[in-house]
Structures are given as C-alpha cells and as structure tokens.
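Worksheet: the structure to be examined is printed underneath.
The values are calculated or read from the model by the stated rules, or taken from the named source; none is laboratory data. Nothing here was measured: the structure is a model prediction, and the numbers come from that model. Please note: Cβ atoms are built from the backbone with ideal geometry, for glycine as well, and neighbour counts cover all protein chains shown. Protein only, heavy atoms only, side chains kept; ligands, DNA and RNA dropped before computing areas. Shrake-Rupley method; radii C 1.70, N 1.55, O 1.52, S 1.80 Å.
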Amino acid sequence: MNPIYDRIGTGYSIVRRTDPRIAAQIEAGLGDARTVVNVGAGSGSYEPAEREVTAVEPSREMINQRGPGAAQAIQAHAEELPFADNSFDAAMAVLTVHHWTDQIRGLEELRRVARDRVVVLTFEHGHPGTWLGDYLPALRKLDAGQTVSFDVYRKVLGPLTVAPVLVPADCIDGFLYAYWQRPEAYLDPQVRAGSSSFRVLSGVEPGLERLARDLASGEWKRRYSYLLELPACDAGYRLVIAQSQ
C-alpha cells in the first residue's frame, strides 16, 4: 500500500479535530444506525462515540495517530472493503472520497456493505468561503479536478438528500477552508500541514506572500469584509445521505 497520507500525514491529528457542530450534523445523518463502518477514517475525527464503529484506513501513518479511545482500524482501501455484503447498518466517509483512486468503485463498496444508509461528507467548489483560490489559482484547479459530481453519487448510491454543512467562523477542525474568517492562519506552516491540498500543491509561496501583504495593508479586509460578520459560511461542504430503498 502506498496511500498519500503515508507521505503527508505526519502531524495531521494536531490540526484536524472534531468540530462538535459538524459532528452533530453527521450524527443526525446516521439516523438510528448502531453499527457503522468509517471508510478513509484517518485519525478518527467524527467517529460517533455511542455507536459500534469499525474504521477502515489505508495509511499506517494515519492509523498510528488514532487516539486510545478510537475505534479499531483495519488497514484497507475503500475500493476493496474486506467485509461481506450488508455487514453494517451504515457506511460513512468524511472528506476522503476525493483521495480514492477509483471513486465509483469505492462508493459501490460503501453501498454494498451498508444495510440502511451511506453518509458522505464531501465538497463542491466555488462558494463564498473559498476565497483562498483568489490567491492560489492552482488550488481552484485542484478542487475542480477532485470534485465528484452529485450525479455520480446518485448513479451509484441511488436517491440522495444533499445538505450544506456550514463552516463556523471559529471551527476547530483545520480542514482546508475552515479558516475562511481567519485568513492569517494560512500563513502558519502547521495549519497548512493539516491540509492535503497544501501538501500536494507546489509554488504556493507567491500567493501566500500576496495574502500577507493584503492582510498588512487592509486590502484583504476591504475585499472580503462581507464575510466578517457571518457566524458561519458556505464553503462548499455537503453532507450526502443515501438510504436503502
């Protein structure tokens, strides 16, 4: 196995933590499922504590960062889950589908092992909270290339409900667009280390230098002042829920 997070996942759990408001929305999406498989589970964020969770994660680096109270993790890939059909009430995947080598096959596997429902936290690009792409055009290109259309989800999983997951201004999980109201955070190397996008992008220095100048001059505030009074923002994150017919 040679998953991306074996190369870029060092220190990931320092920045990436469960935000309780986002967790509550995922929990609600899981309904009354008692047994859950968390695919692409990483260091364990958003795993529901009151349910029986089995974690699947391809990266040994990420498995090693799971806390002592985290669910037992099996090292495997989403595209080939080592479980029988209908093994769990629900399958979940949190900000991971865009990393899968074969996204359709991985979604088919989620559907196969889940008796009742599949719950996926994913994203679409081009929303107010994604202003960072104004400074890093390569990030917009990366986002567009990684986005899985909801038509694909429907084709594989069947009828869906798709709900926006708003990002709180003080979000404690350090995923890519969590700092939409705290732009100075992107100048911190440790913050950037918590995002796979920054680990795979090259040539970001000029854009970050421009961001630093705009923060110092007040230009960033002038341009994006409409964001500063919002308690939460749409940065394109979406919760996809597909229930069995």
Exercise. Part of a loop (DSSP other than H, G, I, E, B) and surrounded by 20 or more Cβ atoms within 10 Å (Cβ to Cβ) - does that describe any residue in the range 111-126?
Worked result: no
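Kindly indicate the residue of the range 74-105 that is part of a strand (DSSP E or B) and open to solvent by 30 Å² or more (accessible area, probe 1.4 Å) and also nearest to R238 (Cα to Cα) among those meeting that condition. Reasoning before the result, please.
Let us first name the residues in the range 74-105 that are part of a strand (DSSP E or B), namely 74, 88-94.
Applying the additional criterion that residues be open to solvent by 30 Å² or more (accessible area, probe 1.4 Å) yields 74, 89.
Details: I74: 26, D89: 21 Å.
Once the filter is applied, the top-ranked residue is D89.
Right, P137: open to solvent by 60 Å² or more (accessible area, probe 1.4 Å) and closer than 30 Å to D214 by Cβ or not?
Details: open to solvent by 60 Å² or more (accessible area, probe 1.4 Å): yes; closer than 30 Å to D214 by Cβ: yes.
The answer is yes for P137.
This table checks each residue for (1) of a type in the set (S, T, Y); (2) free of Cβ contacts under 8 Å to residues at least 12 places away in the same chain.
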| site | (1), (2) |
| --- | --- |
| E184 | no, no |
| R210 | no, no |
| L215 | no, no |
| W220 | no, no |
| S225 | yes, yes |
| E229 | no, yes |
Seminar exercise, completed: Among (1) in contact (Cβ under 8 Å) with a residue 24 or more places away in the chain; (2) more than 24 Å from A24 (Cβ to Cβ); (3) among the small types (G, A, S), A76 falls short only on (1)
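Scanning the range 30-73 for residues that are of a type in the set (S, T, N, Q) and in a loop (DSSP other than H, G, I, E, B), which turns out most open to solvent (accessible area, probe 1.4 Å)?
Q72
Inside the range 3-29, can you point out the residues that are modelled with pLDDT of 90 or more, open to solvent by 30 Å² or more (accessible area, probe 1.4 Å) and in a helix (DSSP H, G or I)? Working first, answer last.
Going through the range 3-29, the residues modelled with pLDDT of 90 or more turn out to be 18-29.
Still in the list and also open to solvent by 30 Å² or more (accessible area, probe 1.4 Å): 18, 20-21, 24-25, 27-28.
Once the filter is applied, which keeps residues that are modelled with pLDDT of 90 or more, open to solvent by 30 Å² or more (accessible area, probe 1.4 Å) and in a helix (DSSP H, G or I), the range 3-29 yields P20, R21, A24, Q25, E27, A28.
Among helices (runs of 4 or more DSSP H) lying entirely in the range 145-245, which contain 2 or more residues that are open to solvent by less than 20 Å² (accessible area, probe 1.4 Å)? Even if it seems obvious, please write down each step before you answer.
On the way: elements: 150-157, 189-193, 196-200, 205-217, 219-224.
Per the criteria, 150-157, 196-200, 205-217, 219-224.
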